[in-house]
Amino acid sequence: MLKIEGLSVSYGAIDALHGLSIEVAQGEVVALLGANGAGKTTLLRTISGLLRPRAGEIRFEGEPLGTSSAESRVRRGIAHVPEGRRIFPGLTVRENLDVATTVWRRRGMSADGDLDRVFALFPRLRERATQLGWSLSGGEQQMLAIGRALMARPKMLLLDEPSLGLAPRLSAEVYERIADINARDVTVLLVEQNTVLALDVAKRAYVIENGHIVLDGPARELARHPRVREAYLGA
Ligand code: ATP
């Protein structure tokens, strides 16, 4: 579904990704692991069209994404849940969800079914539908950010640190919902500092260090790998 080859991305003189290649097959959950500053967020932002690569190619469903805009990538089925959630200020929970339907919705089309599916996944959002989005708790905001991405009807979700700042119980709950979303045919590429959670839900993972892929393989094998255990699992 997603094939990235030789991707290099720089911020001015700073090189963040160096000729990186990864693949994600339809239906997979794939995790990107790595320390702070490794380049994980840069990779997600480049896939969603917020950053331009210096070299390399990104293909989605066989087609090169080229220099297409972030908006057109959402229309093609790539939805990004950014680090820090970025809930729209001044909008209610319901309005935050509605905004994302503009990529597919035309006059007279209803998003009620989409809304019902998001509320079934995250019942707390239904209870808080008329409350301002930014007044929600951290966990609820994460659910809203994921729900908002789902309203765009994505084929692939890019999730940047979905457990960041959440208590363990809430992190586990968010990850259960990620598994549910994947079970409904949405492919997932996620960045996560919580290696235990990420390797639990993911089928495969890549380890990024200083803008390079240094390890990749099935999640179960990586969880046993000495380098992963030492660097990311505190073993
Ligand atoms: P974290 O887990 O801390 O979010 P990350 O793996 O997501 O880390 P990135 O945010 O992708 O890492 O950063 C990769 C490299 O690019 C780092 O060296 C970082 O300092 C640099 N970088 C990121 N954003 C910018 C920017 N806007 N301007 C300059 N350098 C940046």
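The values are calculated or read from the model by the stated rules, or taken from the named source; none is laboratory data. Here the structure is a predicted model, which means the values were calculated and not measured. Methodologically, a virtual Cβ is constructed for each residue, glycine included, from the backbone with ideal geometry; neighbour enumeration extends over all protein chains shown. SASA here: full protein model, heavy atoms, side chains in, ligands and nucleic acids out. Shrake-Rupley method; radii C 1.70, N 1.55, O 1.52, S 1.80 Å.
Quick one: is LYS40 under 19 Å from GLU83 (Cβ atoms) and not hydroxyl-bearing (Ser, Thr, Tyr)? Steps first, please.
Working: under 19 Å from GLU83 (Cβ atoms): yes; not hydroxyl-bearing (Ser, Thr, Tyr): yes.
Against the criterion (under 19 Å from GLU83 (Cβ atoms) and not hydroxyl-bearing (Ser, Thr, Tyr)), LYS40 qualifies.
Tell me, which helices (runs of 4 or more DSSP H) lie completely within the stretch 70-128 with 1 or more residues that are surrounded by 13 or more Cβ atoms within 10 Å (Cβ to Cβ), within 18 Å of the chain's Cα centre (by Cα) and among the hydrophobic types (A, V, I, L, M, F, W, C)? Spell out how you get there, then give the answer.
Values: elements: 70-76, 93-99, 112-121, 123-127.
Correct list: 70-76, 93-99, 112-121.
Could you grab me the full set of residues in the stretch 154-169 that are open to solvent by 30 Å² or more (accessible area, probe 1.4 Å) and more than 14 Å from the chain's Cα centre (by Cα)? If you could, list the steps in order and put the result at the bottom.
So the first thing to find is which residues in the stretch 154-169 are open to solvent by 30 Å² or more (accessible area, probe 1.4 Å), and the list is 155, 164-165, 167-169.
Selection gives GLY165, ALA167, PRO168, ARG169.
With respect to the numbered conditions (1) small (Gly, Ala, Ser); (2) at pLDDT 95 or above; (3) outside any helix (DSSP H, G or I), which one is the sole condition not fulfilled by ALA149?
Evaluating ALA149 over (1) small (Gly, Ala, Ser); (2) at pLDDT 95 or above; (3) outside any helix (DSSP H, G or I) leaves (3) as the failure.
If a residue has to be surrounded by fewer than 19 Cβ atoms within 10 Å (Cβ to Cβ), within 13 Å of the ligand (Cβ to nearest atom) and assigned to a strand (DSSP E or B) to count, how many in the stretch 1-18 make the cut?
The total comes to 6.
Please pick out the residue among ASP216, ASP185 that is in a loop (DSSP other than H, G, I, E, B), open to solvent by 60 Å² or more (accessible area, probe 1.4 Å) and acidic (Asp, Glu).
Values: ASP216 fails: in a loop (DSSP other than H, G, I, E, B).
Going through ASP216, ASP185 in turn, the sole match is ASP185.
Which of the residues spanning the stretch 196-210 are buried (at least 22 other Cβ atoms within 10 Å of the Cβ) and either among the aliphatic types (A, V, I, L, M) or part of a helix (DSSP H, G or I) (or both)? I'd like the intermediate steps shown before the answer.
Of all residues in the stretch 196-210, those buried (at least 22 other Cβ atoms within 10 Å of the Cβ) come to 198-199, 202, 205-208.
Correct list: ALA198, LEU199, ALA202, ALA205, VAL207, ILE208.
Out of everything in the stretch 19-69 that is in a loop (DSSP other than H, G, I, E, B), open to solvent by 60 Å² or more (accessible area, probe 1.4 Å) and within 16 Å of the ligand (Cβ to nearest atom), what residue ends up being farthest from LEU159 (Cα to Cα)?
Keep residues of the stretch 19-69 that are in a loop (DSSP other than H, G, I, E, B), which gives 25-28, 34-39, 48-54, 61-62, 65-69.
From the residues that got through so far, the ones that are open to solvent by 60 Å² or more (accessible area, probe 1.4 Å) too are 26, 36-37, 50, 52, 54, 61, 67.
Applying the additional criterion that residues be within 16 Å of the ligand (Cβ to nearest atom) yields 36-37, 50, 52, 54.
On the way: ASN36: 16, GLY37: 17, LEU50: 14, ARG52: 19, ARG54: 23 Å.
Once the filter is applied, the top-ranked residue is ARG54.
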